[in-house]
Amino acid sequence: MLVVEHSDEGALGIVLNRPGEIAAREALPDPLGTALAEEELLHQGGPVEPGSVIVLADFADPGLAAGIAFGSVGVVDPDGDLDALAEAVRAVRAFSGYAGWAAGQLESEIAQDAWIDAAATPEDVFTSEPGGLWSAVLERKGGSYRLVARMPEDPALN
């Protein structure tokens with residue numbers, strides 16, 4: 001989960017490791033659809049408003065983003081100059097839906113240790129191996145998290 005926006009009113013996040021089965025180009029209007037690679041799938045970003053799409057990109061110039069999630073990764077402005085998008089970004093991925101939290105809800109969940117936090121990288125958002133993202137982030141976090149990263153999906157099979 002990447003927290004894209006956080007304020008006193010709540011938070012919005014995107015699930016990063018659930019590629020869908022639909023080509024992103026088929027789901028998005030032009031010119032936005034043509035900004036994505038032909039093989040790029042529309043990812044499932046979360047359960048809230050699954051009919052909506054949020055497009056994230058790694059911007060060469062972060063000032064061109066509608067909002068920055070971290071570093072140079074931000075939200076593509078659907079009303080921006082989409083024809084210039086291909087030249088303005090290093091990577092693009094589209095997500096249907098999102099996850100949302102009410103004011104104070106995410107902070108409460110973090111205080112209850114319901115989440116493991118880690119600094120995000122552009123490679124996390126645009127990984128070609130979304131199924132291995134959870135393990136890769138835990139490995140990078142290090143320490144005892146590496147043990148969790150190396151556990152089999154079903155420990156009974158170990």
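The values are calculated or read from the model by the stated rules, or taken from the named source; none is laboratory data. Here the structure is a predicted model, which means the values were calculated and not measured. Cβ atoms come from the backbone with ideal geometry, glycine included; neighbour counts cover every protein chain shown.
Annotations for the structure displayed:
- The set of residues in the range 38-57 being over 23 Å from residue 137 (Cβ atoms) and among the hydrophobic types (A, V, I, L, M, F, W, C) consists of 53 alone.
- If the condition is being in contact with a helix residue (DSSP H, G or I) (Cβ under 8 Å, 6 or more places away or on another chain) and at pLDDT below 95, then the range 7-29 contributes 24, 25, 26, 27.
- Residues of the range 29-47 satisfying the condition of being under 20 Å from residue 11 (Cα atoms) and surrounded by 13 or more Cβ atoms within 10 Å (Cβ to Cβ): 43, 44, 45, 46
- Filter pass, residue 120 being in contact with a strand residue (DSSP E or B) (Cβ under 7 Å, 6 or more places away or on another chain), in a loop (DSSP other than H, G, I, E, B) and surrounded by 10 or more Cβ atoms within 10 Å (Cβ to Cβ): yes
- Residue that is surrounded by the most Cβ atoms within 10 Å (Cβ to Cβ) [pool: residues in the range 62-93 that are over 19 Å from the mean Cα position of the chain (by Cα) and in a loop (DSSP other than H, G, I, E, B)]: 80
- Residues of the range 122-158 satisfying the condition of being in contact (Cβ under 8 Å) with a residue 24 or more places away in the chain and under 16 Å from the mean Cα position of the chain (by Cα): 122, 124, 125, 126, 127, 130, 131, 133, 134
- Remark: pairs (first residue in the range 75-90, touching a residue at least 24 places away in the same chain (Cβ under 8 Å) and at negative phi; second residue among the aromatic types (Phe, Trp, Tyr) and in a strand (DSSP E or B); Cβ separation under 9 Å; 6+ apart in sequence or on different chains) = 76/59; 88/59; 89/59; 90/59.
- Qualifying residue in the range 51-68 (condition: within 19 Å of residue 13 (Cβ to Cβ), polar (S, T, N, Q), at pLDDT below 95 and out of contact with any His (no Cβ under 6 Å at 6 or more places or on another chain)): yes
- Taking (1) assigned to a strand (DSSP E or B); (2) within 14 Å of the chain's Cα centre (by Cα) in turn, residue 46 satisfies each apart from (1).
- For the range 124-158, a tally of residues being assigned to a helix (DSSP H, G or I) and touching a strand residue (DSSP E or B) at 6+ places or on another chain (Cβ under 9 Å) returns 4.
- Yes/no for residue 106 being part of a helix (DSSP H, G or I), touching a strand residue (DSSP E or B) at 6+ places or on another chain (Cβ under 9 Å), modelled with pLDDT of 90 or more and surrounded by 14 or more Cβ atoms within 10 Å (Cβ to Cβ): yes
- Criterion violated by residue 96 - all others in (1) touching a residue at least 40 places away in the same chain (Cβ under 8 Å); (2) more than 18 Å from the chain's Cα centre (by Cα) satisfied: (2)
- Filtering the range 38-74 to residues that are aliphatic (A, V, I, L, M) and touching a residue at least 40 places away in the same chain (Cβ under 8 Å) leaves 42, 48, 53, 54, 55, 56, 69, 73.
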